[in-house]
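A.B. asks: Take a look at the following structure, please.
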Amino acid sequence: MPGVTFDRAATFYDATRGYAPGVAERIHEAVRAYVGATSETRFLEIGVGTGRIALPFIQADDDYTGVDLSNAMLDVLRAKIRQSPGAASNRYALYQADVMALPFPAATFDVVLAVHIMHLVDDRQQTIREARRVLKPGGVFISAADGPEDHEDEEIPARQVRMRWLEILEEMQVSTSTARSGWITDEIVVGDLQQLGAQTEVVHLAPYHRTPVSARQMANLIEARMFSSDWETSEADHAEATRRLEQWLAATFDDPTELYDMRGDFIAVAGRWG
Ligand SMILES: C[S@@+](CC[C@H](N)C(=O)[O-])C[C@H]1O[C@@H](n2cnc3c(N)ncnc32)[C@H](O)[C@@H]1O
């Protein structure tokens, strides 16, 4: 498998990474402004998933192509497009394909977007090489990790739960896919791009907040294996880690159901080739 397919996550993905209302629209506007988009600008999103980023582009009739390994994720996006008011656009296209071997000729797109996918692909450099190949001269590659480094507040209970879970797995010497590959920070992507001869820039595109979440809800998501880093853990290890997390949760929070906003900045790493 050339990456981590999200087939099993299609029905719950939006519950784990959903933005609060209006945030995706703000990101859409910020990306368009950053690249100086016109109605002719051709966008490609690699690892488009359920369209968390793509939907406002498609609804605004931008020229938007999405690629994903998982047809189940694409089906969720197709359903959202069908339900969108007035979304009769024929300026979008969705393909089931590997981002490391894109089914497009060279110099097809003006912008390639990669959001929360660089930690999942088998070969980041090959992914970037493919993005570069399909970019027109002067085009821009934009990667956004949309991960922990975007958040301002390390003490949000949901984040503490996630960090405690990773610590428990480490204490139990359970190796997760995230532990094996490590989280791919913006700095690492900048390094990859520079190695491949790109000029890079890191830009804070838009403030965002996620759907408010409590410590209890985050524990539920983790325990139901809704994060890809837990998909390979054995049943026995997962059960023991869950028991330890529950013990910690009860000892740590007076009210684990209290809801907190997760705020941060949508940070983009941009790469351009001369
Ligand atoms: C975490 S989701 C991100 C989806 C979307 N970009 C977002 O920000 O909501 C990652 C997506 O990348 C897809 N993926 C992982 N490896 C891939 C590969 N090699 N080729 C195509 N898609 C891949 C997964 O199936 C999944 O839908």
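The values are calculated or read from the model by the stated rules, or taken from the named source; none is laboratory data. Predicted model only: the values in this text are computed from it and were never measured. All Cβ positions, even for glycine, are placed from backbone atoms using ideal geometry, and neighbour counts span all protein chains on display. Quick note on the areas: whole protein, heavy atoms, side chains included, nothing else; ligands and nucleic acids left out. Shrake-Rupley method; radii C 1.70, N 1.55, O 1.52, S 1.80 Å.
A.B. asks: Size of the dipole of the chain about the Cα centre, Lys and Arg at +1 and Asp and Glu at -1 on the beta carbon, nothing else charged, in debye to 20?
C.D. replies: Dipole size: approximately 940 debye.
A.B. asks: Right, something else. So, counting K/R as plus one and D/E as minus one, what does the shell of residues with Cβ under 13 Å around residue 123 add up to?
C.D. replies: Cβ neighbours under 13 Å give a net charge of -2.
A.B. asks: State, to one decimal in nm, how far the label point of residue 185 lies from the label point of residue 93, with both points 7 Å from Cα in the Cβ direction.
C.D. replies: Rounded to a tenth, the inter-label distance reads 3.9 nm.
A.B. asks: Based on the Kirkwood radius over alpha-carbon pairs, what is the Stokes-Einstein translational diffusion coefficient of the chain at 4 °C with 1.567 mPa s viscosity, in µm²/s?
C.D. replies: 67 µm²/s
A.B. asks: Next up: Please list, ordered by chain and number, the residues whose modelled amide H lies under 5 Å from the amide H of residue 146; skip anything fewer than 5 residues away on the same chain.
C.D. replies: Hits under the 5 Å cutoff: 116, 267.
A.B. asks: Please compute the net charge surrounding residue 135, taking Lys and Arg as +1 and Asp and Glu as -1 over other residues with Cβ under 14 Å from its Cβ.
C.D. replies: Residues close to residue 135 contribute a combined charge of +3.
A.B. asks: Another one. So, counting K/R as plus one and D/E as minus one, what does the shell of residues with Cβ under 13 Å around residue 211 add up to?
C.D. replies: Within the 13 Å Cβ shell, the charges total +2.
A.B. asks: For the range 1-55, take the convex hull of the Cα atoms, compute a quarter of its surface area, and give me that in nm², please.
C.D. replies: Computed as one quarter of the Cα hull surface, the answer is 4.9 nm².
A.B. asks: Using a probe of 1.4 angstrom, how much of the accessible area of the chain is carbon and sulfur, in percent?
C.D. replies: Of all accessible area on the chain, carbon and sulfur atoms account for 50 percent.
A.B. asks: Continuing with this model, one more query. Let me spell out the model: positive unit charges on the Cβ of Lys and Arg, negative unit charges on the Cβ of Asp and Glu, origin at the Cα centre of the range 1-145. What dipole size does that give, in debye rounded to 20?
C.D. replies: Dipole of the range 1-145, to the nearest 20 debye: 80 debye.
A.B. asks: Let me ask another. Can you sort 84, 175 by solvent-accessible area, 1.4 Å probe, largest first?
C.D. replies: From most accessible down to least: 175, 84.
A.B. asks: At residue 257 and residue 40, where each label point lies 7 Å from the Cα along Cα→Cβ, what is the point-to-point distance in nanometres?
C.D. replies: Between residue 257 and residue 40, the simple spin-label model gives 5.7 nm.
A.B. asks: Applying 1/(1 + (r/R0)^6) with R0 = 22 Å to the Cβ-Cβ distance of residue 101 and residue 195, what FRET efficiency is obtained, to the nearest 0.05?
C.D. replies: 0.60
A.B. asks: Follow-up. Give, in nm to one decimal, the length gained when the segment between residue 244 and residue 231 is fully stretched (0.36 nm per residue of separation minus the Cα-Cα distance).
C.D. replies: 2.8 nm
A.B. asks: Output wanted: per-residue J couplings in Hz (rounded whole) for the range 136-142, from phi through Karplus 6.51 cos²θ - 1.76 cosθ + 1.60, θ = phi - 60°, x for Gly and Pro.
C.D. replies: Once θ is set to phi - 60°, the couplings for the range 136-142 become 6, x, x, x, 10, 9, 10 Hz.
A.B. asks: Compare the peptides 112-119, 193-200 by average per-residue count of other Cβ atoms within 10 angstrom and give them in order, highest first.
C.D. replies: Highest-to-lowest ranking by the protection proxy: 112-119, 193-200.
A.B. asks: Once you have the alpha carbon radius of gyration of the range 45-112, what is it after dividing by 2.2 N^0.38 Å, with N set to its residue count?
C.D. replies: Relative to the 2.2 N^0.38 Å estimate, the range 45-112 comes out at 1.05.
A.B. asks: In addition: Quick check: the distance between the Cα centres of the range 33-72 and the range 199-274, to the nearest angstrom?
C.D. replies: 25 Å
A.B. asks: I've got another one for you. Given a 1.4 Å probe, how much area per residue of the chain is accessible, in Å²?
C.D. replies: 45 Å²
A.B. asks: Scan around residue 208 for amide H atoms under 5 Å from its own, H built in the peptide plane at 1.01 Å from N, and keep only partners 5 or more places away or cross-chain.
C.D. replies: Placed amide hydrogens put 264, 265, 266 under 5 Å from residue 208.
A.B. asks: I would also like to ask the following. Amide H of residue 260 versus every other amide H placed in the peptide plane: which residues, excluding those fewer than 5 positions away on the same chain, fall under 5 Å?
C.D. replies: 213, 214
A.B. asks: Take residue 171 and residue 220, extend 7 Å from each Cα along the Cα→Cβ direction, and tell me the distance between the two endpoints in nm.
C.D. replies: In this crude spin-label approximation the distance works out to 2.5 nm.
A.B. asks: Among 222, 173, 242, whose Cα sits farthest toward the positive end of the charge dipole of the chain (+1 at Cβ of Lys/Arg, -1 at Cβ of Asp/Glu, about the Cα centre)?
C.D. replies: About the Cα centre, the residue reaching furthest to the positive side is 222.
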